[in-house]
Amino acid sequence: MCDASDYAIGAVNWDQPFELMCDASDYAVGAILGQRVEKHFRPIHYTSKTMNQAKTNYTTTEQEMLAVVYAFE
């Protein structure tokens, strides 16, 4: 992986469950960590990273899994 962005943008409520959303495009992976407050998703932290040339050749399924792995790192 190449360039990365990592930002904390919200407050955490430790009494509520967390949700992790991951996604991949043709050249990058990203993830958002958040919580639901009265049925509305509130982001807490987001991160993204561009893929190197080898990883851009992965299948769509492999790139989506790469996003999940990156989110947990």
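None of the figures in this text is laboratory data; all of them are computed from the coordinates on show. Everything quoted here is computed from the prediction, not taken from an experiment. No Cβ is skipped: glycine too gets one built from the backbone with ideal geometry, and neighbour counts run over all protein chains shown.
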Worksheet item: So, with +1 on the Cβ of K and R and -1 on the Cβ of D and E, and no other charges, what is the size of the charge dipole of the chain about its Cα centre, to the nearest 20 debye?
Response: 120
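Determine, from the Cβ-Cβ distance of residue 42 and residue 62 and an R0 of 22 Å, the FRET efficiency 1/(1 + (r/R0)^6), rounded to the nearest 0.05. Present the calculation step by step, with values, prior to reporting the outcome.
Details: r = 30 Å, r/R0 = 1.38.
According to the calculation, E is roughly 0.15.
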Worksheet item: Normalised by the residues of the range 4-72, what does the relative contact order come to in percent, with Cα pairs under 8 Å and at least six apart?
Response: 36
Item to complete: Positive end of the charge dipole of the chain (Lys, Arg +1 and Asp, Glu -1 on Cβ, about the Cα centre): tell me which of 70, 11, 60 has its Cα farthest that way.
Response: 11
Practice prompt. Please give the per residue volume of the convex hull enclosing the alpha carbon atoms of the range 4-72, rounded to a whole number of Å³.
Written response: 85
Worksheet item: Among 55-61, 21-27, what's the highest-first ranking by average C-beta atoms within 10 angstrom per residue?
Response: 21-27, 55-61
